[in-house]
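Let me begin by presenting the structure, written as structure tokens, before commenting on it.
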Amino acid sequence: MASNNQLCIRRWTTKNVAKWLKEEGFCDYVDVLCNRHRLDGITLLTLTEYDLRSPPLEIRVLGDIKRLMLSIRKLQKQHIEVLEELGYNSDSPIGTMSPSVGSLQGTDWFCNGEIPRDCGPVTDLNADQYQYTNGKNKHPMRRLDPEYWKTVLSCIYVFIVFGFTSFVMVIVHERVPDMQTYPPLPDIFLDRSILLRRLCSLMGTVFLLRCFTMFVTSLSVPGQHLQCSGKLYGNVWAKLQRAFAIWSGFGMTLTGVHTCGDYMFSGHTVVLTMLNFFVTEYTPRSWNFLHTLSWVLNLFGIFFILAAHEHYSIDVFIAFYITTRLFLYYHTLANTRAYQQSRRARIWFPMFSFFECNVNGTVPNEYCWPFSKPTIMRRLIG
């Protein structure tokens, strides 16, 4: 049998690869690379650091990964003509796809169909584009454009919706059923720039839906302690003044706002649930204490809303259901790149397509501490 140096790498079998690994001092990896995964000459030549770190190989020793990659790169340089025939460009670093073969594969597109200016050739074999934690691939290292103008637009959207909600609350207060005629109904229970944009768009959409449900559904007051009666504010200007007072006070009793008739569905439950889901979605998975605390506060807030008889149970249930479903649907679409840019998404979800069309991939929930973590905080949230 000819030696590895005399035999063309195209004809290398798993035995030749095993011999090469032993010659380079990687006897420990002969079984996993040659016996279990059957690497021959061509597959060895195209092996990358990403392949070594990620499943199914998942080599955990950093020194071995680096040394093995150095040996593979030497082998690549010795067989550069074979790489060129396979579609790799010799003018760029080894492992970069030739522009004629793959420069547009996997490229992200903007809303208007243009290719990002800083988008170079696809580097599927370049491990530097990935971020690793404990040897496992976590997120592609992609640049996320904050698009501040869209964030400002989403903030304007949510404030306009809040103002519209305040006006609808004035309208429904005029139509609140008389407490003597319609007593309370029985109730079986205790009677990052992208993140802000998503929060505003979701919150605005839920409250816009709440405007319609409040307007078309008038429920009687849920508790005898609530002194409510229909109010007439006269002309439109008086209604707008009252709506501005509600809007500027964020609809909170602490700011002197008192409203009636806005029961279907609970706005407080919407806010608590939406904030809870954003906290648990966009903080590291290891922050178990913060996630548990967020859920406890969310559920206790709902409990006290019911205990105070400020809303019916159905109000709270519908608010929780709509908020959670909309959050999950939105993020499922946002993390599905193919659907995110589809024509169907632009037709049925125009606002979603507008806000998310240039978000390249999942927003990573990893943060850096600006100072050394205190020991107690390290124990609590990792």
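Given the condition modelled with pLDDT under 85, open to solvent by 50 Å² or more (accessible area, probe 1.4 Å), part of a helix (DSSP H, G or I) and not assigned by the TED database to the domain that holds residue 50, answer yes or no: does some residue in the stretch 169-186 qualify? Lay out the reasoning, then the answer.
Of the stretch 169-186, the ones modelled with pLDDT under 85 are 169-186.
Narrowing further to those that are open to solvent by 50 Å² or more (accessible area, probe 1.4 Å): 175, 178, 180-183, 185-186.
Next cut, part of a helix (DSSP H, G or I) only: none.
No.
Give me a count of the residues in the stretch 323-348 that are open to solvent by less than 40 Å² (accessible area, probe 1.4 Å) and either part of a loop (DSSP other than H, G, I, E, B) or over 23 Å from residue 363 (Cα atoms) (or both).
Quick first cut of the stretch 323-348, residues open to solvent by less than 40 Å² (accessible area, probe 1.4 Å) only: 323-324, 327, 330-331, 333-334, 340, 342, 345.
In the following step, the residues that additionally are either part of a loop (DSSP other than H, G, I, E, B) or over 23 Å from residue 363 (Cα atoms) (or both) were identified as 342.
The number of residues fulfilling the criteria is 1.
Among the basic types (Lys, Arg), at pLDDT 80 or above and closer than 14 Å to residue 267 by Cβ: does that describe residue 197?
no
Determine whether residue 320 is under 28 Å from residue 289 (Cβ atoms), open to solvent by 50 Å² or more (accessible area, probe 1.4 Å), modelled with pLDDT of 75 or more and assigned to a helix (DSSP H, G or I). Lay out the reasoning, then the answer.
On the way: under 28 Å from residue 289 (Cβ atoms): yes; open to solvent by 50 Å² or more (accessible area, probe 1.4 Å): yes; modelled with pLDDT of 75 or more: yes; assigned to a helix (DSSP H, G or I): yes.
Yes; evaluated as a whole, the condition is true for this residue.
For the structure I just gave you, tell me whether residue 292 is open to solvent by 50 Å² or more (accessible area, probe 1.4 Å) and modelled with pLDDT of 85 or more. Step through it out loud before you land on a result.
Numbers: open to solvent by 50 Å² or more (accessible area, probe 1.4 Å): yes; modelled with pLDDT of 85 or more: yes.
For residue 292, the condition - open to solvent by 50 Å² or more (accessible area, probe 1.4 Å) and modelled with pLDDT of 85 or more - is met.
Six or more apart or on different chains, Cβ under 7 Å: which pairs go from a residue in the stretch 137-161 that's open to solvent by 80 Å² or more (accessible area, probe 1.4 Å) to one that's modelled with pLDDT under 90? Could you list them?
Listed pairs, sorted by first residue: 138/131; 138/132; 141/129; 141/130; 141/131; 142/360; 142/361; 148/193.
The values are calculated or read from the model by the stated rules, or taken from the named source; none is laboratory data. Because the structure is a prediction, the values reported are computed rather than measured. Note that each Cβ is placed from the backbone with ideal geometry, even for glycine, and that neighbours are counted across all protein chains shown. When the accessible area is computed, the model is the full protein with side chains, heavy atoms only, and any ligands, DNA or RNA have been set aside. Shrake-Rupley method; radii C 1.70, N 1.55, O 1.52, S 1.80 Å.
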